[in-house]
Amino acid sequence: MADIKLKGITRRWNDFIGVDNLNLDIADREFLVLLGPSGCGKSTTMRMIAGLEEVSSGEIWLGERMVNNLEPKDRDISMVFQSYGLYPTMSVYENIRFPLRIRKVPASEHKERVLRAAEMVELTQFLDRRPAALSGGQRQRVALARAIVRAPNAFLMDEPLSNLDAKLRVSTRAQIANLHHELKTTTVYVTHDQVEAMTLADRVVVMKNGIAQQIAPPMDIYNKPANTFVASFIGAPAMNLIEGHLEAGTFTSPVLTVSGLPHRHSGPVTLGFRAEDVAVVSEGGNLAAPVYSVERLGDSTMFAIRAKDDLISLKADKAASLAIGDVVRAAVTAKVSHIFDGTTGQRIEPLLIPA
Amino acid sequence: MTSSPARPNYTLTLIATAFVLFWMVVAGFPFLWTTWGSFKVEADFFSRADWSNALSGVNTIRQTGDAFTMDGYKGAWILNDFWRAGLNTMLVTVVVTVLSLVLGTLGGYALARSGYRYAFWILILALVFRAMPHITLVSGYLVPFFQLNIWGTLPTAIIVLVAINQPFTLWMLHSFFLSIPKDLDESAMVDGCTRFQAFREVIVPVMWPGIITTGLFSFLLAYNDFAVTAMLLRQENQTMIPKIASFLGSIESEGNVMFAVSSVVSATVPLFILVMFFQRQIVGGLTAGAVKG
Amino acid sequence: MPHKAFAWFILPSALAMILFIALPLVSIVVQSLYIEHPQVLTQVESCSPFGGCTMETRVDAAATAALRDAQPLGRFNGLGTYFNRSHLATREIATILKDTDGIADSLRRIYQLPFYRALLFTLCYTAVVTPLGMLAGFWIALAVNRIPAVLKGPVIFVSLLPMIITPLIGSLVIYWMVNSRGILGNLLQWVTQDPTLSIAASGPLTWLTLFLYGIWIAAPFSFVVFYAGLQTVPQDTLESAMIDGANRWERVRFVIIPHLVPLATFVALVQLMDNFRVLEPIIGFNAQASATSLSFSIYNDLQAENGQLFASAAATSLLTIALLIVLLFPVLIRTWRDFSRKSAH
Ligand SMILES: Nc1ncnc2c1ncn2[C@@H]1O[C@H](COP(=O)(O)OP(=O)(O)OP(=O)(O)O)[C@@H](O)[C@H]1O
Ligand SMILES: [Mg+2]
């Protein structure tokens, strides 16, 4: 077990930059999630930690060792691949045992350790099968068992759930959370699914185009997104963003005016608010527009309205009875508003917390 | 003109079947005819007078007392030492196949897993090498081999055949390796393997079908070679194909053409067996190369 | 894969190719610049009891052998071999062009020059056999695709035979059937009612036989590849073409043929290389009187009765390789473009 330090690591291919100057301290026993859209460099970051990808510049430290020049096998980590990477010619038992055999763990311990790992992921009845004779979820669990059969410095998991169906994903997710609780091994987990990130992580790194946008615990990322990209990436539906102007604590835009904002800033800004923070009202309110679409989710109803070019989503209770074309009204308050710089997109912190 | 696939067009099927039957005769009959004729005497094999003699073996009965004779085979295998050529061929093809595969899997794996540009250039160079007629290279071997005094021996021919086969073997194995996911080597390396251990413990077991298919083609290349073995082996080391070629000069003039015929038929037998047992792999190999190469 | 690991993995294979493909190429270049030593002649006085003494010129075998041992490459000859009568024959061609009786005459006389004879046959063989072999293979594939499934296995088995057969053996098998004493030769004499007809005696017939033989061994390869290609024609596209109202021909034209084009390029490339090196059929058919190929010229030089002609063989080899690279150039360019496109973002 160890902490992992990334000091300004960068990965370049010719003139294309996959990961750009990433600095990250991962504490021992932490569960860290790398989150971001496809192609943002999550896998590359993880593969550099594993030693499967060369580092163009920067340093990677595992505990007290600088591991840039170590082979993957000498870094003592284990990894779960998106397509599992199971050995098709070996049985499940042999698959799980493989790391022990290769690392010359005394043969007498193998059986016990394999069985214990298999038990943790509920695989004991499949030990004799070949991977080809397993379902996706079972294969996934073999990959997990192979990772946990020894006690490595860290676990790396690259989108381990993305090939599973929705239901299995939820249960395997719970299993991973539970495993981490029990084994307490430093874990780096890659996903592009924000629900996985929010539910599993101690801290989340949101990445875009190879650059870390925000590194913070999940609730901080939800409550205080560092910029408009993070704001629009986290949460379902995404945070509504409206461009406008801030002057003396009042935000003005053609569709919405919010006053009483505790921000000193003046100039072009983007105001953001989450659908679930805003109440739909029958009278008054500072936002009014015809309904563009209605989605009934069972426990609630989502309305989308059109404001200039963007769709704004609003949440009402399940009894709301507006139809497409009806005018919906909402009250956006200063308290639920996030303000981002109009040009850089960076979050502007309020001066004082409103009462 | 338009017809749905549910309603087969019988005329078309009939024409197709007739054409295929015609092709089967064209492709297969020469072998049947020669094999049958190899058990006759020359007067029947080349039956100017009446072609049906070749079937009934009139002259064969007259000369040997039986419609079938093993004289041709006896003459070639025993009197003319064709058995020695057979043994040499066996030795050469087996060793060439094994060595080609060993070198080819290592190199093909490296080419499939390297993302660098030089891997591409090596493949292109291999393609050019593959295109060169073997006899052009042979003309470059002779003088140095004479000087090094290694001309004429089996090991020399074997090493040359292995090298000449490499371009093809590399291409074929490289495309087989490309079809094995990279995740597999990477899991193995994270699990504690060195690159070579990952290759040996994880990749090679998955590669067996590709290795067998490539091995078949390496075998064929070595077995069917004429240019190298004919020019680089001295008389007593000759394999079957150059031996047959030398029969043509010496034996045919003495009227013993049946020795050549029977040795030709003998040399086709291993190929027949090969196709019989490995038809699927051969077809698969040809198409794998086509689809990926 | 890091450079170092790559180097170790590729080393054995690369070493074999460098030692036995690249170095021999160097050796050919060197050989082509030298020429064999002439025989050492000595004046010997031979006296007979009655006729008195005469001076006689004799080959000094020992001195010749000693010279050849001392300088096995022969003496330096520069590019002489390339331009001599057996190769590019520049002087002869200049003469022919100077006192020519029209194009046909000069072509006929150029064809008498050994290198051009071999070149012409090699190019014709490649140009005829490659497309016709592919076409034959394509037809067989289309036909096999339609026949009842039980027949397919045996058909493929028999079809593979001409392809995997040793070229020398295959050509002998056919040669024994078509020569004037063989069954097909007889048949031909009977059909033409000409009992003296012999394929070996006629240049055009020899060419034709060699071409047909070439197609016979080339067709199976195209057949197998095209047949496999037909199995993987995207059924969805075929069905949507049907729904869109395409008839049988339009489906072939717009779905099946585009699907097979990449395969055809591959087959053409492989067949081009194989046909260009044609050698064994000429030996098997004993056809060198009317047809020689570049490979055969080299083989012939190396087989020469009194001393192998290394310089001549080497020069022909280099000319052959140069021609081959010219022929392959479009392919190399295309592969390079594909690769740059793939590696670009
Ligand atoms: N070997 C390579 N050569 C060139 N570019 C590469 C290479 N590997 C990855 N890239 C590029 O680096 C970027 C980051 O890739 P990476 O695999 O890390 O993305 P990711 O965040 O894991 O995406 P996904 O969610 O789709 O897996 C991509 O734009 C990709 O095209
Ligand atoms: Mg990824």
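The values are calculated or read from the model by the stated rules, or taken from the named source; none is laboratory data. Here the structure is a predicted model, which is why all the values come from computation and not from measurement. Here Cβ is always computed from backbone atoms with ideal geometry, including for glycine, and neighbour counts include all displayed protein chains. Side chains included, ligands, DNA and RNA excluded: accessible areas come from the protein's heavy atoms. Shrake-Rupley method; radii C 1.70, N 1.55, O 1.52, S 1.80 Å.
Odds and ends about this structure:
- Qualifying GluC sites (Glu not before Pro) in region A:41-110, DSSP loop, other Cβ atoms within 10 Å at most 10: A:Glu64
- For chain C, the Cβ-based charge dipole about the Cα centre amounts to some 880 debye (Lys, Arg positive; Asp, Glu negative; other atoms uncharged).
- Interface burial for A against B (accessible surface, 1.4 Å probe, total of both chains, Å², rounded to 100): 1800
- Entry note, chain C: the mean residue ellipticity at 222 nm calculated from DSSP H runs of n ≥ 4, each adding -39500 (n - 2.57), is -22500 deg cm²/dmol after division by the residues and rounding to the nearest 500.
- Dipole in debye (nearest 20) - the protein assembly as shown, about Cα centre, beta carbon charges: Lys, Arg +1; Asp, Glu -1: 560
- Top positive-direction residue, dipole computed over chain B with Cβ charges, set B:Phe278, B:Val143, B:Leu55: B:Phe278
- Contact order relative to length of region A:237-341, as percent, for alpha carbon pairs under 8 angstrom and 6 or more apart: 30
- Farthest toward positive dipole pole in region B:76-290 [+1 Lys/Arg, -1 Asp/Glu at C-beta], among B:Ala230, B:Met207, B:Trp77: B:Met207
- Kirkwood hydrodynamic radius (C-alpha pairs) into Stokes-Einstein, region B:10-71, 25 °C and 0.890 mPa s, D in µm²/s: 187
- Between A:Glu71 and A:Glu54, the modelled label-to-label distance comes to 1.8 nm, taking each label 7 Å out from Cα in the direction of the beta carbon.
- Carbon/sulfur fraction of accessible area - region A:221-355, other protein chains in place, 1.4 Å, %: 53
- Cα-based helix-to-principal-axis angle, A:92-102 vs chain A, degrees rounded to 10: 70
- For region B:1-143, the Kirkwood estimate of hydrodynamic radius, built from reciprocal distances between every pair of different alpha carbons, is 21.7 Å.
- The protein assembly as shown gives an Rg/Rh value of 1.11, both radii derived from C-alpha positions and Rh following Kirkwood.
- Computed over chain A, relative contact order equals 16 percent, with contacts defined as Cα pairs under 8 Å that lie 6+ residues apart.
- Charge context of B:Gly37, other residues only, Cβ under 13 angstrom, K/R +1, D/E -1: -1
- Shape metrics for region C:60-112, restricted to C-alpha atoms - Rg then Dmax, Å: 17.6, 51
- Using only side-chain charges placed at the Cβ, +1 for Lys and Arg and -1 for Asp and Glu, the dipole size of chain B relative to its Cα centre rounds to 600 debye.
- Distance histogram for chain B (every C-alpha pair counted, 5 angstrom bins, percent rounded to whole numbers): 1, 5, 9, 11, 12, 12, 11, 10, 9, 8, 5, 3, 2, 1, 0, 0
- Nearest 10 degrees, 0 to 90: helix B:10-37 Cα axis against chain B principal axis: 70
- Candidates A:Trp61, A:Thr186, A:Ala133 compared by Cα position along the dipole of chain A: farthest toward the positive end lies A:Ala133, with charges placed on Cβ.
- Straight-distance crosslink candidates among lysines, where the alpha carbon sits under 25 Å from A:Lys104 and sequence neighbours closer than 8 are dropped: A:Lys73, A:Lys184, B:Lys182
- Taking Cβ atoms as reference points and 12 Å as the exclusive limit, the residues near B:Gln63 contribute a net charge of -2, counting Lys and Arg as +1 and Asp and Glu as -1.
- Once the 1.4 Å probe is applied to the protein heavy atoms, the protein assembly as shown comes out at 45 Å² accessible per residue.
- Straight Cα distances below 15 angstrom link A:Lys167 to the aspartates and glutamates A:Asp193, A:Glu196, with same-chain residues fewer than 8 positions distant left out.
- Tail weight of P(r) past 22 Å, computed on alpha-carbon pairs of region C:251-336, percent: 46
- Of the DSSP H helices in chain C, those that are both long (alpha-carbon extent of 18 Å or more along the helix axis) and hydrophobic (Kyte-Doolittle mean at least 1.0) are C:3-17, C:114-146, C:149-164, C:203-231, C:257-276, C:310-343.
- Accessible surface of region C:156-292 [probe 1.4 Å, protein heavy atoms]: carbon and sulfur percent: 67
- Computed from the Cα positions only, the extents of region A:233-351 along the three principal axes stand at 40, 29, 24 Å, in decreasing order.
- Nonlocal amide H pairs with B:Gly152, under 5 Å, H built at 1.01 Å: B:Arg234
- Chain B - percent of accessible surface contributed by carbon and sulfur, probe 1.4 Å: 69
- For chain C, the calculated P(r), taken from all Cα-Cα distances in 20 Å bins from zero up to the bin holding the longest distance, is 20, 45, 28, 6, 1, 0 percent.
- In sequence order, calculated HN-Hα J values of region A:238-250 (Karplus, 6.51, -1.76, 1.60; Hz; x Gly/Pro): 5, 4, 6, 10, 10, 7, x, 9, 10, 8, 6, x, 10
- Cross-link reach is defined here as a Cα-Cα straight distance under 13 Å, omitting same-chain residues fewer than 8 places apart; for A:Lys308 the aspartates and glutamates meeting it are A:Glu243.
- Values of log10 I(q)/I(0), in the order q = 0.24 Å⁻¹, for region A:139-187 under a Debye, Cα-only, solvent-free model: -0.95
- In region C:195-270, one over the average inverse separation of all distinct C-alpha pairs is 15.2 Å, which is the Kirkwood hydrodynamic radius.
- With only the Cα atoms considered, chain A has a convex hull volume of 171 Å³ per residue.
- Net charge over other residues, Cβ less than 15 angstrom from the Cβ of B:Arg234 (K, R count +1; D, E count -1): 0
- The C-B contact accounts for roughly 9200 square angstrom of buried accessible surface, both chains included, probe 1.4 angstrom.
- Annotation for region C:281-295 versus region C:1-66: alpha-carbon center distance of 26 Å.
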